[in-house]
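Down below is the structure, laid out as structure tokens.
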Amino acid sequence: DKDKALAIKTTCIGNPLRPAVIEAAKIPYPPLEPNGPLKLLVFGGSQGASIMAEIVPAAIAKLEPHLQMRLKITQQAREEDIPHVRDIYARAQVSAEIAPFFNDLPARIAGAHLVVSRSGAGTVAELSAIGRPGILVPLPHALDQDQAANALVLEKAGGAIRLLQKDFTPDRLAVEIDALAADSARLTAMAERARSIGVLDAAERLADLVLKVARQKP
């Protein structure tokens, strides 16, 4: 069987991580206190994602005022989307920091109670290494649906909720955020389950594998 033969020759090392992620992984998950601040981090790839600017603020606007008052949102948004995002949060009186890029994203992941993002390989590797709950929205147009597969791994582990883009609506997102905000134990469990599949030593594994192959005789 070709697949079995290939599996025998395959070594899974994980996704090598930046030093900043390794440092952030040392920070314990901050349990959500009853009626305490809920720190929500939103991002969508290196340049942001317009759908996050479209859906997330609209979802937040649908939440009850008592939950809106608890939110501390950090959101990556494209320059052209920032005025729209900022206006919605201001009208809902939600505390929000909005920028097109964050240089310290791993630290911000570590400081979050919940992350809403795409599910690229790097993002899923970092979420699982740091151990933070996620609502993941795979990029829908990839030919091999790699982001959907990435999100599924974290979902099966119990560390994330996977929402396909067709299901990623303001109403659905508001329901998910509301439910999680009311269940601190679930958030903590999701963080632990995400962390349970994290691989922190992928770079070392890769280096060891390269040296092993290099030592083999031709």
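The values are calculated or read from the model by the stated rules, or taken from the named source; none is laboratory data. Treat the numbers as computed from the prediction; the structure is a model and nothing was measured. Virtual Cβ from ideal backbone geometry, glycine too; neighbours counted across all protein chains shown. Each accessible area value is taken on the protein alone, full model and side chains, heavy atoms only, with ligands, DNA and RNA left out. Shrake-Rupley method; radii C 1.70, N 1.55, O 1.52, S 1.80 Å.
General remarks:
- Filtered residues of the stretch 1-27 (kept if surrounded by fewer than 10 Cβ atoms within 10 Å (Cβ to Cβ) and either assigned to a helix (DSSP H, G or I) or at pLDDT 85 or above (or both)): 2, 3, 4, 5, 6, 8, 9, 19, 26
- Given (1) part of a helix (DSSP H, G or I); (2) closer than 15 Å to residue 99 by Cβ; (3) open to solvent by 10 Å² or more (accessible area, probe 1.4 Å), number of the condition residue 58 does not satisfy: (2)
- Condition check for residue 124: under 21 Å from residue 163 (Cβ atoms), outside any strand (DSSP E or B) and over 12 Å from the mean Cα position of the chain (by Cα): no
- Pairs where the first residue, in the stretch 85-113, is basic (Lys, Arg) and the second is crowded, with 16+ Cβ neighbours inside 10 Å and part of a loop (DSSP other than H, G, I, E, B), C-beta under 6 Å, 6+ apart: 108/102
- Only listed residue being within 24 Å of residue 75 (Cβ to Cβ) and at pLDDT 95 or above, chosen from 193, 162: 162
- Hits in the stretch 144-196 - residues which are more than 16 Å from residue 118 (Cβ to Cβ), open to solvent by 30 Å² or more (accessible area, probe 1.4 Å) and not in a helix (DSSP H, G or I): 169, 182, 183
- Any hit, the stretch 72-83, residues being surrounded by fewer than 19 Cβ atoms within 10 Å (Cβ to Cβ) and in a strand (DSSP E or B): yes
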